[in-house]
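The values are calculated or read from the model by the stated rules, or taken from the named source; none is laboratory data. None of the values given here were measured: they were computed from a predicted structure. Don't worry about glycine lacking a Cβ; one is built from the backbone with ideal geometry, like all the others, and counts go over all protein chains shown. Side chains included, ligands, DNA and RNA excluded: accessible areas come from the protein's heavy atoms. Shrake-Rupley method; radii C 1.70, N 1.55, O 1.52, S 1.80 Å.
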Amino acid sequence: SNFTLDTPPTLESILNEPEDEDEPFILEDTCILNTENIDAHSCETSSLASSDSGDLHGSVLRRNVLKGISAQMVSAAVRPIILHLLLTVSNVIAVGTSHGLALVFDQNQALRLCLGTTVTGAEYGAVSALSINHDCTRLLCGFAKGQITMWDLANGKLLRTMTDAHPPGTAILHVKFTDHPALAVCNDSGGSVFELSFRRVMGMRTCESRCLFSGSKGEVYCVEPLHAGPELKDHPITHYSLLAMASLTKILLIGLKPSLKVWMTFPYGKTDPASVPLLAWQFVAAQKTINPVLAFCRGNTIHFLLVKKDESGTIHVIKQRQLQLNCDFISLSWINPRTLVLMDSTEKLRVVDRPSQEELETVDMAELQLVYNSSHFKSLATGGNVSQALALVGEKTCYQSVCSYAGQIMYLGTKSVHIMTLRNWRERVDHLLKQEKFMEALSLSWSFHEGTAKAVLSLFADPAKRKGVVAEKMVEILLQYVDRSLKKCPEQGKIQVMEQHFQDMVPIMVDYCLLLQRTDLLFNQIYPRLVENSVARGVFLESLEPYILSERIGCLTAPVMRDLLSYFQENGMMDSVEGCLVHMDITNLDIQQVVQMCWDNQLYDAMIYVFNSGMNDYISPMEKLFQAIGPPLREGKPLTDEHVVMGNKLLVYISCCLAGRAYPLGDIPEDLVPQVKNQVFEFLIRLHSVEAAQEEEVYPYIRTLLHFDTREFLNVLALTFEDFKNDKQALEYQQRIVDILLKVMVDNSDFTPSQVGCLFTFLVLEFLCSPDDDSRHTERQQVLLELLQVGGVVQFDEGHLLDLAEKAEFYQICEFMYDRKHLYDKIVDCYLKDPLRKEELFNYIHNILSMPGYSSEEKQLVWVKALQHIKVSQKRLHMLCPLEHTPGREKITEKHKLHEATAYLLEKKGDVQGAFEVLLQEETGDEVPSLLQRVEEALHDIIALCQRSSHGLNQQQREALWFPLLEAMMSPQKLLKGADTKHTSEALKELTMKVLNSMSSFIAPPAIIQRILKDPVYGKGKLAEIQGLILGMLETFNYEQTLLETTTNLLNSDLHWSLSHLRKAVSRGLHPRQDHCNICLQQYKRRQESEEEIIIFSCGHLYHCQCLQRKEVGVLSERQYSWSCYKCTSNQGSRPADRRSTESSRSHSASLAQVSQAVTIHNQCAQPNMKILAYFIHLNMLQKNVLFSMDHNKNS
């Protein structure tokens, strides 16, 4: 028949559209490897709601109608043909009719063959199943009355007619070629499955049938052989000719080659009896290999089985993560290795991404009028002789109306054939652009750019190439979006409507330009187009602010920067100007103009940032701010709010510079940090400002900051000094600033007592409470204590001061603070931590508990604290009980079973034997749970007691002391017998060896060995029993002998060295500083004939002997004078009477003299004086920073 049609698209043109890219693409990417790997180890169900997500993923499927085939089908309807049609796809399309004809169309949709006749159709019934082999040379037709025919597609010749391949009276439901050219399978309405083997013997074509599964064991409704494409024809698993079969209760996987074998049986579980079993194979890349995955479904749950072959040839089936949707499916097809297309019972197609289990698109196919295969499943042509279950399932079967091949799926309707393919990525984007869904198109394009899109087709797998191609498309979309935003702008109406229009669009343009890192596109192409509209320009400039503040935009082009500043300035948005300036690169601006603008509009943060970032100038901002706040402070005028803001910013700016941080945010470049810190220090300690008037006081900058806010300025210095404890340069600046502070504030009527108090609080905390300074700990603590007692630090937070005192180990300060708060129990801890006052603890506890003035609660807290800390030991007991005899002490300790305390008291009385017996009794006690550990501890105390006491005893008394201890250690060993006591016996022998080693220093070895041999444990048996003990004693002897010899040699060497150096020192000459006496100031040799004695000291001072005697600087000891230098001792400020009581030999260095000087002044003061404190701190700083060379000079 000839049909007149509009020029329809050919099948080839649809299936083989040219690609957009020059290079081949890869459908799979590496993501699938990871996803499949996860799937292989997970069997969790993911519930997925069915929804239309077309805008999120775009239109994934492209639907085309095969108009040529459809038109011929419609035209054929004028003849008496019932349109029960079936379809399969390869290079040709075959359609079966209800009259038993098979229509074969070529790739141009032209009818090529009409196989069969109406006569045979009347005999065989309707075509119920079709199958074309992989090389398109053979066609198998199954009929409703059970016959099977094979046709040659090259010439339309009938090759075979099979009438006995399966039981008669059953319809053919499925007939399918396998990849083996002479092997096919068929499934009949009796639920049985048969293997068909085609052979040609002596020119005769034959067919052998073998039953693979009998319907009597459970009816099979669907069969699906594994087909590998040409590129996978050598895959090792193809040699097995795998066949999947689905019954109502389970899935079977069998291999037809090399011999029939069942590889897997998988039960469904409970499902709806009317649900259709579905099967579909697909080769999927998983774990760097490609293996087939079987998807099977019945109802709303899709299962996935990964099939693998190991080296031994065994087939392994791995269950993967299943997928569940809220609908009943009647068709299941793979469209690519990652994407499934399913049709539910309402004839809606659902596209699902398998790795993410996300539904990508839903397409309504109701207009197709899908052809169902119900009549064949009910076997109406043979009288309906099928089971009720098969007939129920057959209501919704459409196996022969859906066919997938090479990424295309065809659906057969009553009047048309539809083909579904995946759109490539450009089509999906363009489809959205045609609908003017620019935001959705940009979002989808970005998912392609990042590799997160689903069902991707025709896109490079290489990330760099993929991003390059997609970025070009996105630029094209953005420019179209800009043009559309300008065209669609409402020309009339309120300005708010126009602003809202651009506020909805401009941020999207900015976002995607930044995502693409194309600020050049944003500022050089998009912005010039938007400038044409004044509203769009304003919205664009305002929209940049949040991106600049979040530092997503760091650099603007010069025109945009100028427009931005002008726009903000014109609209009074100066806060926005400042916020943007401090986050941007301003090197391309007119610095002076921007600085002046910032100053005029009081944008001090921005001004500082411009100076710092634009010119690396960290001093000019301070000069400008000082020029503003300095005059009113010098004149004593009240500060305005603006001046207060400037002063506070100045303090914060100085703090940031000295700490290495940029202002107002970020960090100063590392290579500039030392330079900036030095510049700021030098600026602060300048003697005068640059344009100083004659009446300007010295150190104007420090003076200004002190007048502005003394406490905050000192806090800035404190934080700075804390950060640079180990910086020598910073310590020098620290000393200079402290000196300047003292010079400016002390005895200056311009500062209130409160301000001066802040200064000394700062000095106290910085220097007196420095935990890193170990020098003059006691003196520093005493100074701070006296300051506290007169209220000199009242302005400081007590809690912080207490923390500093604890870190500096000023426990007397802690005691003072706790006493003011009546926390007497915490004072107990202060005494325990203070090594100089531990012995006063019990006196303090006694005073608290016995003296009036303390509440019962306070006494109870002190008592509880004391009990917590008291662990009676020799040292604590010595603190508790003075050495003088106190009657009844032993009875108290015995009453409370304090054996260590009792032994200690007995030892102090001289009763060594009694102390020994008490400790020995404790060792042999058996009420202690961990006996061996307790014995070892007690033995340590007893050995210590014996060693202390043995020095004052004779040999007999020593033996009476040590041998009972040895006996106490050896006697328990007699009772230890059996294997279970081996550990205890070894431990006791080790402890016995410890006793022997200790007593060998006091008892003669023969006496010890004799005592050991008398013991039954060692006296009997072989010599090996005591070999260890004797060898141990010999090793101890050898060790002590070697130690003695080494010590003697060291002493002799040290003595020789000392004598040699003393001799050199005595024989070395002394060089006087002057040639006159430092007392009478006359020449040391006043007369030629005089024989006056002259004394020269190592310090270089020279005196006449008579002059020294008159000054009383000599001390008579052992019939000779021990002289001291008069000038050095005078400089130390001590009186002659005091000097007589000092040591005869002075060895103070210059640095120690200064220390003594400071201490002496301090001791002479009845009340603390601020000037003295300042001088003390000044000397402390000098000691830290000056290295004196004369540390150990000795007087002559």
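Taken together, the criteria exclude GLN593 from residues that are open to solvent by 20 Å² or more (accessible area, probe 1.4 Å) and in contact (Cβ under 8 Å) with a residue 40 or more places away in the chain. Here is the figure for the range 147-161: residues that are open to solvent by less than 20 Å² (accessible area, probe 1.4 Å) and closer than 26 Å to TYR372 by Cβ total 2.
Please give the strands (runs of 3 or more DSSP E) falling wholly within the range 1059-1122 in which 2 or more residues are open to solvent by 40 Å² or more (accessible area, probe 1.4 Å) and at pLDDT 80 or above. In the range 1059-1122, 1094-1096 are the strands (runs of 3 or more DSSP E) which contain 2 or more residues that are open to solvent by 40 Å² or more (accessible area, probe 1.4 Å) and at pLDDT 80 or above. Of the residues that make up the range 479-493, is at least one within 38 Å of the chain's Cα centre (by Cα), at pLDDT 90 or above and among the β-branched types (Val, Ile, Thr)? Checked the range 479-493: no residue is within 38 Å of the chain's Cα centre (by Cα), at pLDDT 90 or above and among the β-branched types (Val, Ile, Thr). When we screen VAL790, VAL783, VAL794 for residues that are surrounded by fewer than 19 Cβ atoms within 10 Å (Cβ to Cβ), in contact with a Pro (Cβ under 9 Å, 6 or more places away or on another chain) and at pLDDT below 75, the only hit is VAL790. Set side by side, the residues ALA453, ALA464 differ, and just one is touching a residue at least 40 places away in the same chain (Cβ under 8 Å), within 39 Å of the chain's Cα centre (by Cα) and either part of a loop (DSSP other than H, G, I, E, B) or over 26 Å from GLU532 (Cα atoms) (or both), which is ALA453. Inspection of the range 202-212 identifies at least one residue that is crowded, with 20+ Cβ neighbours inside 10 Å, at pLDDT 90 or above and touching an Asp or Glu at 6+ places or on another chain (Cβ under 6 Å). Of everything in the range 179-197 that is open to solvent by 10 Å² or more (accessible area, probe 1.4 Å) and in contact with a Pro (Cβ under 8 Å, 6 or more places away or on another chain), the residue that is farthest from GLY229 (Cα to Cα) is GLY190.
The set of residues from the range 599-610 being surrounded by fewer than 23 Cβ atoms within 10 Å (Cβ to Cβ) and over 13 Å from LEU650 (Cβ atoms) comprises TRP599, ASP600, ASN601, GLN602, LEU603.
Restricting the search to the range 230-263, which residues are among the polar types (S, T, N, Q) and assigned to a loop (DSSP other than H, G, I, E, B)?
Within the range 230-263, the first condition is being among the polar types (S, T, N, Q), and the residues that meet it are 238, 241, 247, 249, 259.
Matches in the range 230-263: SER241, THR249, SER259.
For the range 396-440, which positions are under 22 Å from HIS134 (Cα atoms) and among the aromatic types (Phe, Trp, Tyr)? Those that are under 22 Å from HIS134 (Cα atoms) and among the aromatic types (Phe, Trp, Tyr): TYR399, TYR405, TYR411.
Within 26 Å of THR902 (Cβ to Cβ) and either open to solvent by less than 40 Å² (accessible area, probe 1.4 Å) or of a type outside the set (Asp, Glu) (or both): is that true of SER985 in this structure?
Spelling it out, it is not the case that SER985 is within 26 Å of THR902 (Cβ to Cβ) and either open to solvent by less than 40 Å² (accessible area, probe 1.4 Å) or of a type outside the set (Asp, Glu) (or both).
Residue by residue, here is whether (1) of a type outside the set (Val, Ile, Thr); (2) closer than 23 Å to CYS580 by Cβ; (3) modelled with pLDDT of 90 or more holds:
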| position | (1), (2), (3) |
| --- | --- |
| LYS624 | yes, yes, no |
| GLY630 | yes, no, no |
| LEU633 | yes, no, no |
| TYR653 | yes, yes, yes |
| LEU658 | yes, no, no |
| ASP667 | yes, yes, no |
| ASP671 | yes, no, no |
| LYS677 | yes, no, no |
| LEU687 | yes, no, no |
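Picking from THR984, THR992, THR1042, which residue would you name as being over 26 Å from PHE916 (Cβ atoms), β-branched (Val, Ile, Thr) and modelled with pLDDT of 75 or more? Break it down stepwise before answering.
Values: THR984 fails: over 26 Å from PHE916 (Cβ atoms); THR992 fails: over 26 Å from PHE916 (Cβ atoms).
Just one listed residue meets the conditions, THR1042.
Against the test of being assigned to a strand (DSSP E or B), modelled with pLDDT under 90 and either open to solvent by less than 50 Å² (accessible area, probe 1.4 Å) or farther than 27 Å from THR362 by Cα (or both), the options PHE283, PHE266, PHE296, PHE304 yield a single qualifying residue, PHE266.
Where in the range 511-603 are there helices (runs of 4 or more DSSP H), lying fully within it, with 1 or more residues that are within 29 Å of GLU623 (Cα to Cα) and out of contact with any helix residue (DSSP H, G or I) (no Cβ under 6 Å at 6 or more places or on another chain)?
Correct list: 558-570, 574-581, 591-600.
Selection within the range 307-336: residues that are of a type in the set (Ser, Thr, Tyr) and crowded, with 16+ Cβ neighbours inside 10 Å. The member of this set that is nearest to the chain's Cα centre (by Cα) is SER333.
Filter the range 632-654 for residues that are closer than 28 Å to GLY614 by Cβ and open to solvent by 20 Å² or more (accessible area, probe 1.4 Å) and give the result. Steps first, answer last, please.
If we filter the range 632-654 for residues that are closer than 28 Å to GLY614 by Cβ, which is where we start, we get 642-654.
Those that are closer than 28 Å to GLY614 by Cβ and open to solvent by 20 Å² or more (accessible area, probe 1.4 Å): GLU642, HIS643, VAL644, VAL645, ASN648, LYS649, VAL652.
Here HIS166 clears all of (1) crowded, with 23+ Cβ neighbours inside 10 Å; (2) of a type outside the set (Val, Ile, Thr); (3) modelled with pLDDT of 90 or more except the condition numbered (3). The conditions of being in contact with a helix residue (DSSP H, G or I) (Cβ under 6 Å, 6 or more places away or on another chain), at negative phi and among the hydrophobic types (A, V, I, L, M, F, W, C) are not met by ALA280. Of all residues in the range 795-833, those being at negative phi and not in a helix (DSSP H, G or I) number 7. In the range 482-494 there is at least one residue matching the filter, namely being touching a Phe, Trp or Tyr at 6+ places or on another chain (Cβ under 7 Å) and buried (at least 19 other Cβ atoms within 10 Å of the Cβ). In the range 425-450, the qualifying residues are those that are part of a loop (DSSP other than H, G, I, E, B) and without any contact (Cβ under 8 Å) to a residue 60 or more places away in the chain, and the one that is farthest from ILE508 (Cα to Cα) is GLN435. For the range 356-396, give me each residue that is over 60 Å from the mean Cα position of the chain (by Cα) and assigned to a loop (DSSP other than H, G, I, E, B). Those that are over 60 Å from the mean Cα position of the chain (by Cα) and assigned to a loop (DSSP other than H, G, I, E, B): ASN373, LYS378, SER379, GLY383, GLY384, ASN385, VAL386, SER387.
Counting only residues that are out of contact with any helix residue (DSSP H, G or I) (no Cβ under 9 Å at 6 or more places or on another chain) and among the small types (Gly, Ala, Ser), which one in the range 180-214 is nearest to SER374 (Cα to Cα)? Here the answer is SER214.
Take the conditions (1) in contact (Cβ under 8 Å) with a residue 40 or more places away in the chain; (2) over 34 Å from the mean Cα position of the chain (by Cα); LEU515 misses just one of them, which is (2). The single condition among (1) open to solvent by 10 Å² or more (accessible area, probe 1.4 Å); (2) among the hydrophobic types (A, V, I, L, M, F, W, C); (3) in contact (Cβ under 8 Å) with a residue 60 or more places away in the chain; (4) assigned to a helix (DSSP H, G or I) that VAL497 does not meet is (3).
Considering (1) part of a helix (DSSP H, G or I); (2) more than 27 Å from GLN322 (Cβ to Cβ), the lone condition that ILE419 does not fulfil carries the number (1).
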